[in-house]
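The values are calculated or read from the model by the stated rules, or taken from the named source; none is laboratory data. All of these numbers come straight from a predicted model, not from anything done at the bench. Note that we place each Cβ from the backbone using ideal geometry, even for glycine, and neighbour counts take in every protein chain shown. Ligands, DNA and RNA are excluded from the accessible area calculation, which covers all protein heavy atoms including side chains. Shrake-Rupley method; radii C 1.70, N 1.55, O 1.52, S 1.80 Å.
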Amino acid sequence: MLVSANAVPARALGRTRRWGALAAEYSSFVAIGDSFTEGVGDPDPDGDRYRGWADLFARRAARHWPGFAYANLAVRGRLFDRIVDEQVVPAIKQSPDLVSFAAGGNDALRPGFNPTQLSTRAHEVVRLLKASGAEVILFTCADITPHIPGIAVLRKRFIATNDAYKRVAKRHGAVLVDLWDDRAFDDPRLWSEDRLHLNTLGHQRVAYDVCRALDIEPDPAWVRPLPDLPRPRREMNGVQWAGRHLAPWVKRRLTGKSSGDTVDPKRPDLTEVQ
């Protein structure tokens with residue numbers, strides 16, 4: 001079973017808690033961000049792209065609000081500034097009443113990262129989104145340091161990024177989904193083989209947390225007991241992981257390339273969720 005300080009017992013779903021009793025009404029949702037929001041790590045069983053937490057949440061929201069429309073502008077590998085430059089204005093032009101913004105994780109992995117600069121720009125972005133009339137969902141990043149060899153040296157960067165988003169959310173009255181404090185993500189079964197992206201179970205957990213933040217009943221399947229950890233995942237050592245996943249990432253950084261260079265947003269326009 002997932003262990004989380006934020007967990008709600010499965011028996012509470014639809015019984016002791018009146019889901020939706022305090023929920024606001026939303027008719028449209030645009031998701032902005034990078035691979036986390038695109039859904040990398042969660043293959044869509046109905047197609048050849050990624051699904052991810054935003055798709056899962058949108059489908060759940062459509063059950064709660066008939067006619068609910070959804071767009072996803074996120075592209076893997078994007079840095080904060082490029083996310084802002086390419087996605088914020090197209091999102092605002094569609095006049096959604098709910099927007100999620102998750103950016104900065106890729107920046108924190110690179111030299112020269114400046115959390116103060118990120119915080120300043122995040123304030124500007126959320127101010128613009130709120131001024132457009134949209135409710136805004138922000139995130140703290142889940143803790144990847146237990147899963148990736150040697151990355152603990154960057155832990156302070158992740159904490160600084162999370163602190164920045166907490167301040168922004170408080171200042172602008174945005175919805176904050178605190179993944180860092182959700183201990184469910186300590187479980188390696190929620191992470192892809194590359195240990196950087198969430199897998200299907202991980203994206204389900206994020207969708208669960210987003211639904212809880214907006215007072216929408218989550219899918220009960222998202223809190224079922226987890227399967228046993230497959231032996232290949234358990235036995236991959238640091239050297240094997242570095243050769244298979246770290247080396248290609250470093251090569252892209254050295255050559256100025258990104259995993260999203262040839263990728264377009266998977267759902268650029270608001271369309272009704274079927």
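In table form, for the structure just shown:
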{"read-out": "Residue match in region 63-76 (condition: in a helix (DSSP H, G or I) and either in contact with a strand residue (DSSP E or B) (Cβ under 9 Å, 6 or more places away or on another chain) or free of Cβ contacts under 8 Å to residues at least 60 places away in the same chain (or both))", "value": "yes"}
{"read-out": "Unmet requirement for Asp85, which otherwise passes all of (1) touching a strand residue (DSSP E or B) at 6+ places or on another chain (Cβ under 6 Å); (2) acidic (Asp, Glu); (3) under 21 Å from Glu38 (Cβ atoms)", "value": "(1)"}
{"read-out": "Contacts under 8 angstrom Cβ, first residue in region 24-35 being in a loop (DSSP other than H, G, I, E, B), partner among the β-branched types (Val, Ile, Thr) and open to solvent by less than 10 Å² (accessible area, probe 1.4 Å), 6 or more apart", "value": "Asp34/Val75; Asp34/Ile83"}
{"read-out": "Top-ranked residue of region 100-118 - restricted to ones that are of a type in the set (A, V, I, L, M) and within 15 Å of the chain's Cα centre (by Cα), ranked as surrounded by the most Cβ atoms within 10 Å (Cβ to Cβ)", "value": "Ala103"}
{"read-out": "Pro66, sole failed condition from (1) surrounded by fewer than 17 Cβ atoms within 10 Å (Cβ to Cβ); (2) modelled with pLDDT of 95 or more", "value": "(2)"}
{"read-out": "Odd one out for Leu56 among (1) open to solvent by 10 Å² or more (accessible area, probe 1.4 Å); (2) more than 14 Å from Arg267 (Cα to Cα); (3) assigned to a helix (DSSP H, G or I); (4) of a type outside the set (Asp, Glu)", "value": "(2)"}
{"read-out": "Selection count where residues are within 22 Å of Arg205 (Cβ to Cβ), touching a helix residue (DSSP H, G or I) at 6+ places or on another chain (Cβ under 8 Å) and not polar (S, T, N, Q), scope region 62-89", "value": "4"}
{"read-out": "Top-ranked residue of region 151-200 - restricted to ones that are part of a loop (DSSP other than H, G, I, E, B) and open to solvent by 60 Å² or more (accessible area, probe 1.4 Å), ranked as farthest from Ser35 (Cα to Cα)", "value": "Asp181"}
{"read-out": "Failed item in (1) part of a helix (DSSP H, G or I); (2) crowded, with 22+ Cβ neighbours inside 10 Å, with Pro96 passing the rest", "value": "(1)"}
